[in-house]
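Below is one structure; the comments refer to it alone.
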Amino acid sequence: MIGPRKYLDLEHICHFRIYNELMTGLIASFFTSLIATWLIIRFNYLHSHISADADFSGPQKFHTNSTPRIGGVAVAIGLFFAILLRLKNLPEYGTEITLLLCAIPAFSIGLTEDLTKVISVRARLFFVMCSAGLMVLFLNIHIVKLDIPFVDYLFITLPFVGIIFTIFAMTGLANAYNIIDGFNGLSSMVGIITLMAIAYVGQLFIDPMIAYLALVMAGAILGFFIWNYPRGLIFLGDGGAYLLGYWVSALSILLVCRHQEISPWFAVMINGYPIMETLFTIYRRKIHQGKSPGQPDGIHIHTLIYRRILMHNHRDQNWFSSNAKTAPYLWVLATLSIAPAVLWYESTPILMVACLLFVISYVWVYASIVKFRTPKWLHLDYLE
């Protein structure tokens, strides 16, 4: 007969093994990505003719030196290595390898754009949709509710509506990370914060797979981040942005689907900033300006913060120039959406109210900057 003490020891051993696995994966992905990123930078002279971003003319371009834009390769290598480590301890291939294989179309088309600079927005989005569709197909997971009566009724009676919505949402979020990837450390740190929040909630629900997949991606991004921020020695590129966005969206949906206690609005709020930036960009370009939503412009909120609050020293050669100072503003903005999601992950009403407040705050800050009425507290030169 096994006594209480024996059960307690087994529980401690189980928790220790999970913790050890998580930390091993995090460290492995971080150092693999860190070294791979350094190698890309170190041997830039061998591949810069195809990998470097030497175009300084676009409205969304704010770098002044030719810089490799294939940081996503290092992130992918770190992620791949960490997942291989986990598979050694699994009896069979599972969700981890499926999720990784499904990411190939999105990452590949982004990397192709990084190398050729000729892939259209529609072509890129199509391949990202393929990745999302493959995930839905092979994992048989899609959004089944939003806690909105009429919408939930549609999802129940017409399952294909939920499938289409899931593919659309994942494609949009992947593209959102590409949209916000405008300054050193911006999209990568937003991704790290989001992934750490997903890992935390995954651990609360004793879901080591979700926690592992979130942590190893966070580690891989961090290995890249160290070389990207603040000096911008390498860029994430479309491949890295699409991979990050796909991974975050997939884990957000997986977590909510695997644990029905979690509100579907958790997935919305955990990604509040990139979602809001994308929706507002579509509104601004399509409705307000009458332009194609895929056409780049220079009036994203991160661009406005740079130009109207920080641009006075945009050509500084010190580490914390205006380019580097821009990202922390958006890290804080993203956290304002992520924090309520982590605190009230089970409460749809609270998260709905938090979402409304976040949207109002975003629009107010954006309108204030556009009208040259930027609040004084945003003019803090905290990195001087």
Are there helices (runs of 4 or more DSSP H) fully within the range 79-169 with at least 3 residues that are over 26 Å from His47 (Cα atoms)? List them.
95-102, 121-139, 149-157
Boolean, Leu154 is more than 24 Å from Glu261 (Cα to Cα) and of a type in the set (A, V, I, L, M):
no
Inter-residue pairs, beta-carbon under 9 Å, first over 14 Å from Ile221 (Cα atoms) and in the range 75-88, second of a type in the set (Phe, Trp, Tyr), 6+ apart
Ile83/Tyr212; Arg86/Tyr212; Leu87/Tyr93
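Out of all the residues in the range 237-269, which are aliphatic (A, V, I, L, M), within 10 Å of the chain's Cα centre (by Cα) and either closer than 24 Å to Val365 by Cβ or part of a loop (DSSP other than H, G, I, E, B) (or both)?
Keep residues of the range 237-269 that are aliphatic (A, V, I, L, M), which gives 241, 243-244, 248, 250-251, 253-256, 262, 267-269.
Restricting the remaining residues to those that are within 10 Å of the chain's Cα centre (by Cα) gives 241, 243-244, 248.
Once the filter is applied, which keeps residues that are aliphatic (A, V, I, L, M), within 10 Å of the chain's Cα centre (by Cα) and either closer than 24 Å to Val365 by Cβ or part of a loop (DSSP other than H, G, I, E, B) (or both), the range 237-269 yields Ala241, Val248.
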Of everything in the range 360-374 that's assigned to a helix (DSSP H, G or I) and buried (at least 16 other Cβ atoms within 10 Å of the Cβ), which residue is modelled with the lowest pLDDT?
Ile369
Pairs needed: first member in the range 149-166, under 21 Å from Leu134 (Cα atoms) and among the hydroxyl-bearing types (Ser, Thr, Tyr); second member anywhere, at pLDDT 90 or above and outside any helix (DSSP H, G or I); C-beta distance under 7 Å; at least 6 residues apart or different chains.
Thr166/His142; Thr166/Ile143
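Let's see how each residue does on (1) hydrophobic (A, V, I, L, M, F, W, C); (2) assigned to a loop (DSSP other than H, G, I, E, B); (3) without any contact (Cβ under 8 Å) to a residue 12 or more places away in the chain:
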position	(1), (2), (3)
Asn184	no, yes, no
Ile192	yes, no, no
Leu195	yes, no, no
Val201	yes, no, no
Met209	yes, no, no
Ala214	yes, no, no
Gly219	no, no, no
Phe225	yes, no, no
Residue tally, condition over 19 Å from Gly223 (Cα atoms) and touching an Asp or Glu at 6+ places or on another chain (Cβ under 8 Å), over the range 179-210:
5
Might you let me know whether the range 186-198 holds any residue that is touching a Leu at 6+ places or on another chain (Cβ under 8 Å), of a type outside the set (S, T, N, Q) and more than 20 Å from Ile27 (Cα to Cα)?
yes
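Tell me, which residue of the range 90-138 that is among the basic types (Lys, Arg) and under 16 Å from Met170 (Cα atoms) is modelled with the highest pLDDT?
Step one: of the range 90-138, the residues among the basic types (Lys, Arg) are 117, 122, 124.
Imposing the further condition that a residue be under 16 Å from Met170 (Cα atoms) reduces the set to 122, 124.
Values: Arg122: 93, Arg124: 96.
Among those that are among the basic types (Lys, Arg) and under 16 Å from Met170 (Cα atoms), it is Arg124.
The values are calculated or read from the model by the stated rules, or taken from the named source; none is laboratory data. In this text the structure is predicted, and so the values were computed from the model without any measurement. Reconstructed Cβ throughout: ideal geometry from the backbone, glycine too, with neighbour counts over all protein chains shown.
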